[in-house]
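Structure first, commentary second.
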Amino acid sequence: MASPPPSSNADFYCKETMVVDIKSASDCLRYMAGVSRGLTGQHVHLSGPGDAGGSFCYVRREPLGVTAGIGAWNYPLQGCVWKAAPALAMGNGMVFKPSEETPLTALAFAEVLIEAGVPPGVFNVVLGEGDVGAALCSHRDVHKVSFTGSAATGRKVAEAAGLNLKKVTLEMGGKSPLIVFEDADLENAVSAAMIGNWYSCGEVCSNGTRVFVHKKMKEQFLESLLARTSMLRIGDPLDMETHIGPLVSAAHRDKVTGFVERAASDGAEVVSCDNHAEYLRGIKSSERKGHLAGGFFVSPTIITGASDDMEIAKEEVDKMGQQQQQQLSWRG
């Protein structure tokens, strides 16, 4: 899987796919293969008054049976393997539903498993939208559900699974803060803010999308952040020199820019780097060539002066379709 299909995750640029999505998936497979060889039960000797030494209890590990995985689109291979590898290593089968935005990666992974000797039917991929995931969560033959996505959808997954007392694992997003104190190393702090927001086109649920900077460092921090962000290259995700590719879809692009526009209406200041000023709803017109024309590009956008009661400071901008964000909300 060194060369994933270009359409398997359109917003993920090629270099990052190689070093993050594929590498972390491979590491997980190797790790779970090792763990599976060392799993044992437990035997405990019980003794008490009058006991002749013959009493004991034991724990035996047994597979759950059929499990379901519901994945997100931002790390499609990693997310698929993180659910499938533990399930299969423990002797379970899995029915995996990838995001409708990135279905090809899971299908390719299923083909790889077949080629590696996994029997047909052990790992299965079903495609579709939310109704497919709902069916998996409520089906009586599914004994465990692992979900990655928004908190709102996670609540529905837990509710549906709870009707049959299924085991549930929910990986949902957050609104993670970065706090920069007065004695922090300025450039290290700026680096943390950049990798915590611009990495993966900003589509990561653990992004540090709120940055609290000590007032004595505010101007220097912003100046450095603007200067370094302006050097990022926005473009073709298959170009190894690209830093930021397009977002996953037109709908997601519009959600992201909608959050930016509402932040400005709420009174926050939207700061764009000079050479990105024309990028807000796509790559600038002078560079719209061939397959880049009409791409779902959004410039890295810095929002300052956001108060705690503003939407941009409280809500995730991506939510797996609206959760990880392409802008950095920050208060000095």
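Bear in mind these aren't lab numbers, they're just calculated from the coordinates by the rules spelled out. Nothing here was measured: the structure is a model prediction, and the numbers come from that model.
Over the stretch 120-261, the hull volume per residue, using the convex hull of the C-alpha atoms, is 181 Å³.
Size descriptor for the stretch 101-150, Kirkwood hydrodynamic radius: 12.5 Å (Cα pairs only, one decimal). The lysines within cross-link reach of K83, meaning a Cα-to-Cα straight distance under 20 Å and a gap of 8 or more places when in the same chain, are K23, K97, K144, K156, K166, K167, K319.
The 3J(HN,Hα) values that the Karplus relation (6.51, -1.76, 1.60; θ = phi - 60°) gives for the stretch 185-200 are, in residue order, 6, 4, 5, 5, 5, 5, 4, 5, 5, 5, 5, x, 9, 8, 4, 6 Hz. Gly and Pro appear as x.
Overall size of the stretch 124-208 from C-alpha positions, given as principal axis extents largest first: 56, 24, 19 Å. Using θ = phi - 60° in the Karplus curve 6.51 cos²θ - 1.76 cosθ + 1.60, the 3J(HN,Hα) couplings for the stretch 167-176 round to 6, 9, 10, 10, 10, 10, x, x, 10, 5 Hz; x is entered for Gly and Pro. When you work out D = kT/(6 pi eta Rh) for the stretch 40-93 at 4 °C and 1.567 mPa s, using the Kirkwood radius from C-alpha pairs as Rh and the Stokes-Einstein form, the result is 90 µm²/s.
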